[in-house]
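Colleague: Attaching a single structure in structure tokens format; questions to follow.
The values are calculated or read from the model by the stated rules, or taken from the named source; none is laboratory data. From a predicted model like this one, the values you see are computed outputs, not experimental measurements. Every residue, glycine among them, receives a Cβ derived from its backbone with ideal geometry; neighbour counts consider all protein chains shown.
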Amino acid sequence: MVTFTPSQRNRFQLVVTCVLFCTIVASCKHNEPLQKPLDAAPTTAISTQIPPASREAKITAAVERAIAAAPPAGYAAIPVGTKLLGVEIFASKIRLNFTKALLLNGTGHKFEDAVKQLTNPISDIVADMANVEYQLLIEGKPLAEFL
């Protein structure tokens with residue numbers, strides 16, 4: 001049987017502690033906090049949620065139907081030539097990218113009517129998402145650049 005002096009035992013414990021610490025650090029992803037902030041959104045999807053790719057396809061179809069449809073009573077028409085170039089979903093933000101034709105009626109009341117017609121059909125598709133925010137792009141540039 002091997003016996004250790006107290007100083008040898010302390011050194012052995014220090015070495016074991018260092019090895020364990022290094023193993024834990026190596027297994028962690030770099031640049032990520034070890035503990036998630038309390039106000040952070042959950043990172044796992046609930047099985048009842050629509051997968052993002054499927055949701056994007058549904059949004060694309062709904063917006064394209066709205067572009068092709070006649071405007072509801074009391075609304076200005078969506079400008080002719082308006083096309084949806086893309087849909088991206090980031091957490092609770094939905095980014096819709098349109099052609100410049102969307103701006104043909106100006107940026108006042110008629111533009112607001114067009115945006116309502118384009119975003120209203122999306123509400124059922126994203127009903128399970130909290131605090132949905134829409135971001136409009138015109139040919140890849142933020143709408144604010146055109147206002």
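Colleague: Taking segment 78-89 only, how many residues are out of contact with any Lys or Arg (no Cβ under 8 Å at 6 or more places or on another chain) and of a type in the set (A, V, I, L, M)?
Modeller: Result for segment 78-89: 4.
Colleague: Residues that are assigned to a helix (DSSP H, G or I), surrounded by fewer than 10 Cβ atoms within 10 Å (Cβ to Cβ) and at pLDDT 90 or above: does segment 74-86 have at least one? Working first, answer last.
Modeller: If we filter segment 74-86 for residues that are assigned to a helix (DSSP H, G or I), which is where we start, we get none.
No - not one qualifying residue is present in segment 74-86.
Colleague: Any chance you could count how many residues in segment 54-73 are of a type outside the set (D, E, K, R) and either in contact with a His (Cβ under 7 Å, 6 or more places away or on another chain) or assigned to a helix (DSSP H, G or I) (or both)?
Modeller: The total comes to 10.
Colleague: In addition: Going by the conditions given, is ILE125 in contact with a Lys or Arg (Cβ under 7 Å, 6 or more places away or on another chain) and under 19 Å from ARG55 (Cα atoms)?
Modeller: yes
Colleague: With part of a loop (DSSP other than H, G, I, E, B) and of a type in the set (D, E, K, R) as the only criterion, which of ASP113, ASP124 stands out?
Modeller: ASP124
Colleague: Let me ask something additional. Take segment 127-145 and flag every residue that is surrounded by fewer than 17 Cβ atoms within 10 Å (Cβ to Cβ) and in a helix (DSSP H, G or I).
Modeller: Passing the criteria: ALA144, GLU145.
Colleague: Determine, yes or no, whether PHE90 is within 14 Å of GLN135 (Cβ to Cβ), exposed (fewer than 13 other Cβ atoms within 10 Å of the Cβ) and hydrophobic (A, V, I, L, M, F, W, C).
Modeller: So PHE90 passes the test.
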